[in-house]
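To start, the structure itself, in structure tokens.
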Amino acid sequence: MNPEEIYKTLSDKFGGAILGYDTELAGDPNIQIAPTAIADVCQFLAETDTLAFDSLMCLSGIDLGVKEEDLSIVYHLYGMQHRHTVVLKTSVPKTDAHLPTVSHIWKTADWHEREAYDLYGILFEGHTDLRRILLPDDWEGYPLRKDYQEPDFYRGMRVPY
Amino acid sequence: MPEILSESFFPKINLQESSNWAKDFVQEVVIPRLPEAVAGHFSVELLAILVMLLCAGIFVAVVPLLPLVLVLAERKVAARFQNRTGPMRVGPWGTLQTLADGIKLIFKEDYIPPQGDKILFMLAPYVIFACSFAVFAAIPFGQNILVSDFNIGIFYIMAISSVIVMGVIMAGWSSNSKWSLLGSLRSAAQIVSYEIPLGLSILTIVMLVGSLSMSQIVASQAGGIFTWLIFRSPFTFLAFFIFFISAIAEVNRTPFDLPEAESEIVAGFHTEYSGMRFALFFIAEYANMFAVSAIAVTLFLGGYEGVLPGYDFLGGLPGFVLKTLGLVFLMMWLRWTLPRLRVDQLMNLCWKYFIPISFFNIFGTGIWGLIFETDDVWSIGISCAIIYIGLISAYAIAGRIFARKPEPQPSSA
Amino acid sequence: MESTQQTESKIIELKPFTDEMIVNMGPQHPSTHGVLRLELRLDGEIVREAIPHIGYLHRCFEKHSENLSYPQIIPFTDRMDYVAAMNQNWGFCLAVEKLLEADETKDFEVPERAEYLRVLICELNRIASHLLSFGTYGMDIGAFTPFLYAFRDRERLLLLFEKVCGARLTYNYIRIGGVSEIIPLEPGSIAEQNYLDEIEGFLDYFEPKIDDYNDLLTSNSIFSERTMGVAVMSEEMALSYGATGPNLRGSGVDWDLRRDEPYSIYDRFEYDIPVAKDIPELGAVLGDCWSRYKIRMDEMKESVKIVRQILAEGLPDGPVMADMKAVRPPKGEIYFRSEAPRGELGFYIVSDGTPKPVRVKGRSPCFSALSALQELSRGLMVADIIAIIGSIDIVMGEVDR
């Protein structure tokens, strides 16, 4: 199935939770989904036989700029059986970034979500082990946010040297 | 030939029958040569003690040089196996490399972990070192080159080499490091397990010879290569391999080097050691390696007795050392070729295969002893025939099992 | 009276079972392939749980990328998987090129000669990477000698790489729109012919060596005992954990991006994709450590095949760089994955039409594969952990980025 068909299937099934289908920009078209529905949509994509998206290639957070109010989370899915791909995108506000986890659907999402939490501060509800993964446990702030200010000191060591 | 090495200088003392060889030596060799005026002032006992100390001194001075040579040999052998040259810089062809390393180790800081048990930590290398060198006391290097010939020689060697495991556990426990503890416990389990097939293999020899004395075991192999104990019965032939493999496990070398498995538990029981204490472990390891090879040669390969009776080919001290070094080379060969076993596979090998085979060996040796009361041409001939047939059939069976199967082809695109 | 009560209570508290021991394996450990830290909960030799802690090599590649122009990012990709840096360069360049191609106002095409050079160099780099994996795996299992054999052969490959880009480890050779011209390889020149002859000489030397290594290590019975049937990763598990490349094929999934989503000129060559299967007569179970290891050994042969085809065809004439002024992709986003030696290397790039990307995410194959370690290692032994880490072939530079 191509992304457009998948978009149609999804909007038939979930209705209002599917916010749009973005083909304007260069590159991969993506389906925009409300953050609260993401786990259900993913569950549907993974478990429906005609879709069967059995692998999550990539899960990444995006911060488009200082002025933007939202953080985006992008899911790149692949179905090994039907050999088709789809890109899901959802946005959460920076001040209250939380959305349901998909780590129970694809186990690889476990570490990818921890990484997104570590670098963007996105809280994945229902994740069993949401700790920092790449940065030290006592790191403050989320470095990949565009408004991140480098700390002057880390444990008494000067950071910008 | 200098007089001191000639036969006439050393009257043959029957070692087996003399209860105190040093005393005999003093009475027969030293006293007659002393000036009359001096001779009266020394008691025979005092001179005997002096002679014994002198012999011990020679051993203490010479034996530690062995590891020095062996370490270099190991590095050179390893290099050859790996298409390298090995150490080449210090001395001609790198021959002084070990000496340089030794000097470096002496000057390094002797670090003692502050949280550890200091006394045990300091003591452990000495326990291991002392035990591995004490073993040499009972190994007959040549006709008269034997520090102490007691009637329970092989038993003494078994006993002393078992104490090494104490040193290993001491080192592992006192380091206060979890890797060291894991390594030492692995070592304890391994050495204690492999001592059983080792001891049982020795027992087959003792049953055939009827003595625990090392010199008597060698003396019984004086009739050339076919009287070597390895060929005397098919069971000793089997016992030799069990002995040798168990000995490799006893001295913790690949494929049984789990106690110091570098890629798993860093360096095992000597992880925390540095400087001279580490060097002592290192020297002890190589001394051990030489010792077990020497014991294997003494028990199975004729000791200092040659290939032909009356000829010195592969006999005497040079022959003995040559045979021993051959086995040491075999150990190095195995080390640089084989991967390491896992701990459960190691125990399986010992308890499920070696120990039953060893018991079978003892049973068989007993039957053999009943059938052939004395070792004559017949018994040795039959034994060699059985070994020959056994080897050929084993080769055929192994060939069938391990025949190269056609490689499974990858599924094509 | 009081004291007796206390002793009694102590006796009751004494548990009949031994305690668990918590051991930190790493970050400085001989066989964690870098600075991986594993928190092991041990019951004697048996591992109750192995919890990986990563991040000791974290450089925040992604934050760096947001402040650099596209060509400046390529050296950072070198540092991701430093064992197969050519493939990492290529993965990033492919993603950017895909984005450039989407721009309809400009005509952008990578020249033919550059494509051939890229495939040639990347397949050689794949061999080098698998050689290192083979050598270190032997060392993990306890055989030291294969390690030195592998490095001896890898050395010859590094010399070949040095001749085209001047570097031995971090090449920065493949650029956006072509390959580097720092050391020119004129079409049809003697230098080019010598270089290709040298590669051919290496292949003639190396191809029989693979069988030697199979004899030395793969079919060694101790090695098979240690790796066969250990840590079986089923097909579902491999897909769910996002294991890719040799790890996925080791679980029996017939999937290779070079064949199934052909990029560059991979559709012009003939080669097989090795896929593991049960080999009951040897004792190998589908998805065990041995299968994953064997896939790499077989893949080296396939890479040799591809390189031989290029050598037989010869490199085409023409430029090695696309004709373009500056790298300025259009507004948009792309996720592109390529088959690196360790699996699918994906780059997710968000561009806003400026020379600097808004977001670059590297989806590293090792990162996903390593997350399966916790489940794979449960109930095995300490020595098996080492066997697993070696068989999924991680490079910490890529895991931590």
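The values are calculated or read from the model by the stated rules, or taken from the named source; none is laboratory data. Keep in mind it's a predicted model, so treat the numbers as computed, not measured. Neighbour counts run over all protein chains shown; Cβ positions are idealised from the backbone, glycine included. Each accessible area value is taken on the protein alone, full model and side chains, heavy atoms only, with ligands, DNA and RNA left out. Shrake-Rupley method; radii C 1.70, N 1.55, O 1.52, S 1.80 Å.
Based on what the data block shows, is B:I230 under 16 Å from the mean Cα position of the chain (by Cα) and more than 18 Å from B:A171 (Cβ to Cβ)?
no
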Residue check, A:L45 farther than 26 Å from A:L144 by Cα, out of contact with any Pro (no Cβ under 6 Å at 6 or more places or on another chain) and part of a helix (DSSP H, G or I): yes
Residue satisfying condition, being in contact with a strand residue (DSSP E or B) (Cβ under 7 Å, 6 or more places away or on another chain), farther than 21 Å from C:K331 by Cα and more than 11 Å from every other protein chain (Cβ to nearest Cβ), within set A:S91, A:S11: A:S11
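Just checking, which of C:G353, C:G397, C:G390 is at positive phi, modelled with pLDDT under 90 and outside any strand (DSSP E or B)?
Details: C:G397 fails: at positive phi; C:G390 fails: at positive phi.
When all the criteria are applied, what remains is C:G353.
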First in the stretch A:132-159 and hydrophobic (A, V, I, L, M, F, W, C), second anywhere and open to solvent by 80 Å² or more (accessible area, probe 1.4 Å) and assigned to a loop (DSSP other than H, G, I, E, B), Cβ under 8 Å, 6 or more apart: A:V159/A:E150; A:V159/A:D152
Would you be able to say whether some residue in the stretch C:105-114 is away from every other protein chain (no Cβ under 14 Å), at pLDDT 85 or above and open to solvent by less than 10 Å² (accessible area, probe 1.4 Å)? yes
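So, B:G326, is that one out of contact with any Pro (no Cβ under 9 Å at 6 or more places or on another chain), more than 14 Å from every other protein chain (Cβ to nearest Cβ) and at pLDDT below 85 or not? If you could, list the steps in order and put the result at the bottom.
On the way: out of contact with any Pro (no Cβ under 9 Å at 6 or more places or on another chain): yes; more than 14 Å from every other protein chain (Cβ to nearest Cβ): yes; at pLDDT below 85: no.
When the stated conditions are applied, B:G326 does not pass them.
Have a look at C:S371, C:S377 and point out the one that is more than 11 Å from the chain's Cα centre (by Cα), of a type in the set (G, A, S) and away from chain A (no Cβ under 13 Å).
Working: C:S371 fails: away from chain A (no Cβ under 13 Å).
Unique residue meeting the criteria: C:S377.
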Restricting to the stretch A:14-28, give me the number of residues that are within 13 Å of chain C (Cβ to nearest Cβ), surrounded by fewer than 18 Cβ atoms within 10 Å (Cβ to Cβ) and not charged (D, E, K, R). 1
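Here's the yes/no breakdown for (1) under 30 Å from C:L42 (Cβ atoms); (2) open to solvent by less than 30 Å² (accessible area, probe 1.4 Å); (3) not in a helix (DSSP H, G or I):
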site	(1), (2), (3)
B:L146	no, yes, yes
B:F150	no, no, yes
B:I157	no, yes, no
B:V163	yes, no, no
B:V168	yes, yes, no
B:W173	yes, no, no
B:N176	yes, no, yes
B:G183	yes, yes, no
Filter the stretch A:97-109 down to the residues that are surrounded by fewer than 23 Cβ atoms within 10 Å (Cβ to Cβ) and of a type outside the set (S, T, N, Q) and list them by number. A:A97, A:H98, A:P100, A:H104, A:I105, A:K107
Note: among C:Y271, C:Y263, just one is more than 17 Å from A:Q81 (Cβ to Cβ), crowded, with 19+ Cβ neighbours inside 10 Å, away from chain A (no Cβ under 12 Å) and under 20 Å from the mean Cα position of the chain (by Cα), namely C:Y271
Could you list all residues from the stretch C:132-152 that are more than 11 Å from C:L217 (Cβ to Cβ), in contact with a Gly (Cβ under 9 Å, 6 or more places away or on another chain) and either more than 10 Å from every other protein chain (Cβ to nearest Cβ) or open to solvent by less than 50 Å² (accessible area, probe 1.4 Å) (or both)? C:S133, C:T136, C:D140, C:L148
Counting just the residues of the stretch C:57-104 that are among the hydroxyl-bearing types (S, T, Y) and crowded, with 21+ Cβ neighbours inside 10 Å, which one comes out nearest to the other protein chains (Cβ to nearest Cβ)? C:S65
Just to check your reading of the model, which residue among C:D288, C:D298 is open to solvent by 10 Å² or more (accessible area, probe 1.4 Å) and either more than 14 Å from chain A (Cβ to nearest Cβ) or under 12 Å from the mean Cα position of the chain (by Cα) (or both)? C:D298
Identify all residues within the stretch C:26-49 that are within 21 Å of B:A267 (Cβ to Cβ), assigned to a strand (DSSP E or B) and away from chain B (no Cβ under 13 Å); write none if there are none. C:R37
